[in-house]
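Peer 1: This is the structure, below, for whatever I ask next.
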Amino acid sequence: MTSLIAELNRGETAARRSLNAVADASGLEAWRAAYIGRKGSIPRLLRMVKDLPLAERKNAGRRGNEIRQALERSFREKEAQINVDGKKAFSPQSAPAHRQTPPGHLHPLTHTLRQIQYIFTKLGFRLIEGPSVEEARYNFDSLNISLEHPARAETDTYYLKDHPGLVLRTHVSPLQVRSMLENKFRPPVRLMYWGPTFRAEKEDATHGALFQQYEFLVIDETVNLADLKAITTAFYSQFFGTEAVIRLRPSYFPFVEPGLEVDMQDTVTGRGDWLEMAGAGMIHPHVLEAMNVDSSRYQGIALGGGLDRLAMLKYGIPDIRLFYSGNLEFLRQF
Amino acid sequence: MQLSYNWLTELLPNLSAAPAEIAEILTMHSFETTVTGTVAIDPHVRTARITRLIPHPNADRLQLAEIDIGQGGRLTVVCGAPNISIGSIVAYAAPGARIVEDSGSRFTLAKATIRGQESAGMLASPRELGLGSHHTGVLLLPVDTPVGTPLSSHIPPDTLLDADVTPNRAHDCMSHLGIARELAALLELTVAEPTARPLPAGPPPDWEVTVENPIDSPRYLGIPVSNVSIDDSPLWLQARLFAVGQRPINNVVDITNYVMFEQGNPLHAFAADRLPAKHIAVRSAHTGEIITTLDGKQLRLQPRQLVIDSGGTAVAVAGIIGGSGTNVAAGTRNLLLEAANFRAYAIQQTSAELRLATESSKRFARGLSPVTAAAAAARAVTLLTDLAGGQPLGLIDRYPHPIRRTRITFRPARVSAVFGSAVSSPVLAGILTRLRCAVEEETHAVWHVTPPPDRLDLTGEHDLIEEAVRVRGFENIPARSPDRQHRRRVPRTVTIREQIRDALASAGSVEVYNRPFEKMQIARKLGISTDAAVAIANPIGPEQAYLRISLLPRLLDNLLANKGEVRLAHSSRSRNVFEIGTVWRTGEGGKIPGVIEEEYAAAVLVDGRDAAALAGSILQLFKTNDTAMQTVSVGRCAPAALTALKLPATIQCLEINISQLLMHLNEEPVYQPPSPVAVKTYQPISKYPPAYRDISLLVAPGTSAEQVQGIIERAGGVLVADTDLFDVYDGDEKTSYAFHIKYQSDSRTLSDDEITAAHQRICAALAAEIGAEIR
């Protein structure tokens, strides 16, 4: 690795020295072909990156690309300079050589998701993904939400035109049954999944038509509410970096029973009141059967919550709509 | 469900828990409950009788009411209410009383002169007294109410709670009795069941009830009641209705409402003499059949919607609202009391189709037990007899398929297996018995449990486990650490996505998450074919007409949302945007029949960066086969589209089909999640638009950029939101700097004049302090 990076560095020095000597357009074109053109020395070295051992590939690739991009920039600057007849003068179009690549930024929801993925893989969960356009039978029926169930009418669901039976998933819970069937998983399993979810409702500071959910699921012969409490406490403690105090209280979701709501004491802002974090419960026997899991032998726990909400709490973001605003001033804070 | 604390204490005489404790207990064991407010009649409000009414000399709509306030006291108040007459008993608010305004805030009443006439206080409406929202007239009290007594002695102080009853408990808990039973089970109390005498035994002469479809109307009880005398309800009953947000109307209507809030089953009283026939039929509506409701609205009905029919005319929309013309009003002597049970889904559908939700439809739509209808009927007939002098003439009870009570096999050990620690058999038996279940212990391991008939939600062992667990209390679940597990590998879909994300960000792009909807306007401008786009059947607005077919249109939208910055020729801030997300098109072969979902990474590069080079460098992160380049498209965006959007023509785009790229991998990608970033705290951003002005200046060599920036920010003051050094040129005799200055306010959109003034201040300060030459 060291040798390829060293070669890349040497290549850059040579290219820069040579570029300084370029005086006109034809010289510049010759320089481009020699150093950064398709057959130029830097791209040639870059093509060798893929043959490196895995561990070294990334650094070499990154360094190579930095060099190539820097040289391409210098090339354009020189080009602009030559175009104004070699007259050395300040012009906003000719960027100075010292200018650095401004840093890019990952979205706060990405930072949040990565941390969730990190924590759950550490807790032994397998990461799973699934479609956001979902079949109603997975979004509702197999989750014990029949056509006549009031919860189905009360959910503001987006339906697709010309595609009867398809919806934009209203939660990530359809992956409970879908992933078990698709992958032919058999207990014991520990799954964690996440993704965009949709509700056809007017947006406000805490409700988006688009929002992100995460959910985990464990099925084995003995998993119970004490495990749910343990995993949830560990998750929030690691996520917020402070010992989380959670409380469970009864709630209702057709696909779990007992169904419960998970509150966390607000130690993040220090106000100490209870914040609603997630819905959870023991997987309903009908749902286990829909997964082809024998509900007389196995039991399961599941918990699902809002990823946006985690990010809002962690970063002190007051309005969910900021995530989807594309506002650079907001996004560059992360 | 709004609850009156007084009402609960009447049903639970030994209840010692305060309202806040009740809210906490219900929240932790049943459903979320909060204390929402209090009813407390101001002590300055007393009962009074109107003795004389004189038109106000200076105002057509006002009257001067002379009132008797007891013990010989006489006063005159100015009053504009339409519902007063001589002899009315009213609520007189003396000066000093706190009166509730429309907004909910209160003011202190003072003596006032209204259009030249002095008013010694006022006659108050229910709203002004804090009794709900009714303000169409003053509160009229029963004629036998003693004059000169504090109103609070008739309507005592109360505390209101709001229980967010979950759908599974709507069968039994949408009533004060239901909540009282719940509290009795949790707190080991006894419910004082309200008095209800048995319903009359035989059928009434002349009346007939037919039910077209017993599946939609499993039960219909019709009870003719004769000789009622319509009057105001006693104040204790009115107080109950005020507490749950209802307006008292007359004793009969009030009793039907009262019983609904007490027992949970909605009731309806028809004026029997105004029904077209002594025959009630429950049938589906005719196409286009029109009914005028109690509140004067015309509804056009459709088959499948259920109506109550009498003599061929619809007299009520079943379970939702009564019709006009057959309602009970002054002069009504004979009633037909309806206590029915309707299928939840039928009422749900009709209520949604008619966009009409009432206290009645809310209860039926979530499902009630037919048993509750009979209990409510008995209670209502008792009250109609006791409070309105009515005489029940007989009972018709159409109930062809009585519900069967389920006997559930229950293994007590299952509770401990779910709870995570042992719950003993005696504790379990106690819980189930307090929940009104019949418990038979066949062996110590197998029991048979029969839930009460109103608990429609208890159908299997898992339901009983939940009951046991929640009554026992989630707070008793033991705390422990999670099991130790081996770390799981991250799947390739995640790996490749995160690597691309890192690559795009480290190349100076800002990640966005866009809503995946669109109108397709920009897509069409970009020449993207939208033929296969998937349309949303029920978009909230036109911008949600389709699911996106490409990430690029919304990325250009993002640039437009930041156009002030994007249109700057240079910036030291990153302005390229990228997104990783799903796009959809119609087609077969994906996981979902009829729709193909694919994941893309896309970037729009503003800074002149070469998209092809960037894409190439990303592909080099992976071991791919030779055809992997097929998954990438790069280049300049359609120049015409950019021109139309007034975006720089040099913008380049890049799209990588990640779903496809996964199929070109020769080797599993490897990825180490980066260590967590330090937590940042969001800094509020202004919602008012920024304006950018550039300044370029020549200064003496050795003058630092920071020094210049300091002067700009000081001279510009609060209007300068940011200064961005975008160019430096070190000449021999002078150094040249160029800055973008961002002007923005947190409280308003800045005017051109303000910005120009600030900009000139900055130029002057730079010239004066460091001798800068502004170019």
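Peer 1: Which residues, counting only those in the range B:93-118, are at pLDDT 90 or above, more than 22 Å from B:Thr159 (Cα to Cα) and either in contact with a Ser or Thr (Cβ under 9 Å, 6 or more places away or on another chain) or not small (Gly, Ala, Ser) (or both)?
Peer 2: Result: B:Pro95, B:Gly96, B:Thr108, B:Leu109.
Peer 1: Please enumerate the residues belonging to the range B:339-398 that are under 30 Å from B:Ala201 (Cα atoms) and basic (Lys, Arg).
Peer 2: B:Arg343, B:Arg363, B:Arg379, B:Arg398
Peer 1: Pick from the range B:569-595 the residues that are crowded, with 19+ Cβ neighbours inside 10 Å and among the hydrophobic types (A, V, I, L, M, F, W, C): which of them is farthest from A:Arg137 (Cα to Cα)?
Peer 2: The qualifying residue farthest from A:Arg137 (Cα to Cα) is B:Val577.
Peer 1: How many residues, within the range B:495-507, are within 7 Å of chain A (Cβ to nearest Cβ) and closer than 10 Å to A:Leu106 by Cα?
Peer 2: 4
Peer 1: Just one of (1) within 14 Å of chain A (Cβ to nearest Cβ); (2) within 30 Å of A:Thr232 (Cβ to Cβ); (3) not small (Gly, Ala, Ser) trips up B:Arg434, so point out which.
Peer 2: With respect to (1) within 14 Å of chain A (Cβ to nearest Cβ); (2) within 30 Å of A:Thr232 (Cβ to Cβ); (3) not small (Gly, Ala, Ser), B:Arg434 is out only on (1).
Peer 1: List the helices (runs of 4 or more DSSP H) that sit entirely inside the range B:286-405 and contain at least 1 residues that are crowded, with 19+ Cβ neighbours inside 10 Å, away from every other protein chain (no Cβ under 14 Å) and touching a Lys or Arg at 6+ places or on another chain (Cβ under 7 Å).
Peer 2: It comes to B:370-388.
Peer 1: Tally up the residues in the range A:49-80 that are facing another protein chain (nearest Cβ under 10 Å) and within 22 Å of B:Glu667 (Cα to Cα), please.
Peer 2: Number satisfying all stated conditions: 12.
Here's the yes/no breakdown for (1) of a type in the set (Phe, Trp, Tyr); (2) in contact (Cβ under 8 Å) with a residue 12 or more places away in the chain; (3) assigned to a strand (DSSP E or B); (4) in the same structural domain as A:Leu143 (by TED's automatic domain parsing):
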| residue | (1), (2), (3), (4) |
| --- | --- |
| A:Arg249 | no, yes, yes, yes |
| A:Glu261 | no, yes, yes, yes |
| A:Val268 | no, yes, no, yes |
| A:Arg271 | no, no, no, yes |
| A:Ala278 | no, yes, yes, yes |
| A:Asn292 | no, yes, no, yes |
| A:Gly305 | no, yes, yes, yes |
| A:Leu313 | no, yes, no, yes |
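Peer 1: How many residues are of a type outside the set (Phe, Trp, Tyr), outside any loop (DSSP other than H, G, I, E, B) and more than 7 Å from every other protein chain (Cβ to nearest Cβ) when one looks only at the range B:508-527?
Peer 2: 6
Peer 1: Something else about it: Please go through the range B:85-102 and pick out each residue that is within 12 Å of B:Met122 (Cβ to Cβ), assigned to a loop (DSSP other than H, G, I, E, B) and touching a strand residue (DSSP E or B) at 6+ places or on another chain (Cβ under 6 Å).
Peer 2: Within the range B:85-102, just B:Ala97 meets the criteria.
Peer 1: Can you work out which of the residues in the range B:437-486 that are of a type in the set (Lys, Arg) and within 10 Å of chain A (Cβ to nearest Cβ) is surrounded by the fewest Cβ atoms within 10 Å (Cβ to Cβ)?
Peer 2: Out of the qualifying residues, it is B:Arg484.
Peer 1: Given (1) modelled with pLDDT of 95 or more; (2) in a loop (DSSP other than H, G, I, E, B); (3) touching a His at 6+ places or on another chain (Cβ under 9 Å), identify the lone condition not met by B:Pro276.
Peer 2: Of (1) modelled with pLDDT of 95 or more; (2) in a loop (DSSP other than H, G, I, E, B); (3) touching a His at 6+ places or on another chain (Cβ under 9 Å), only one is false for B:Pro276: (3).
Peer 1: Can you go through B:Arg407, B:Arg363 and tell me which one is of a type outside the set (A, V, I, L, M) and within 25 Å of B:Gly323 (Cβ to Cβ)?
Peer 2: Every option except B:Arg363 fails the conditions.
The values are calculated or read from the model by the stated rules, or taken from the named source; none is laboratory data. What you see is a predicted model; the values in this text were computed from it and never measured. A quick note on method: Cβ atoms are made from the backbone with ideal geometry, for glycine too, and the neighbour counts reach across all protein chains shown.
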